[in-house]
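The values are calculated or read from the model by the stated rules, or taken from the named source; none is laboratory data. Quick caveat, the model's predicted, so the values are computed rather than measured. No Cβ is skipped: glycine too gets one built from the backbone with ideal geometry, and neighbour counts run over all protein chains shown. Just so you know, the surface numbers come from the protein's heavy atoms only, side chains and all, with ligands and any DNA or RNA stripped out. Shrake-Rupley method; radii C 1.70, N 1.55, O 1.52, S 1.80 Å.
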Amino acid sequence: MGDSKMVIKKCQSFITDRLVIGAIIRDIQNRKNSYQEIEFSFIPKAKTSMLTLLQRRLSREEKAFT
């Protein structure tokens, strides 16, 4: 399991983490209760790459209109 996917899984969990990143995970878990609704989702790199390409294209088109 990749690091980012592990972090998302741990944020979704209620189990205390003992790894170095555990303090960050605990902070996130403690703050979850401050929100009415919160969701942690893992987005595979292939999908984020597609989003990045789309953002770049939109940015170029926006610059063309200004």
>> Give the aspartates and glutamates reachable from Lys9 as a straight Cα distance under 20 Å; neighbours fewer than 8 places away on the same chain don't count.
In response: Asp17, Asp27, Glu37, Glu39
> For the charge dipole of region 5-65, defined by +1 on Lys and Arg C-beta atoms and -1 on Asp and Glu C-beta atoms about the Cα centroid, which residue among Thr52, Ala23, Phe40 has the Cα displaced farthest towards the positive pole?
Replying inline: Thr52
> How much area per residue is accessible in region 5-65 when the probe is 1.4 Å and only protein heavy atoms are counted (Å²)?
Replying inline: 92 Å²
> Roughly speaking, to the nearest percent, how much of region 5-65's 1.4 Å accessible area is carbon and sulfur?
Replying inline: 56 percent
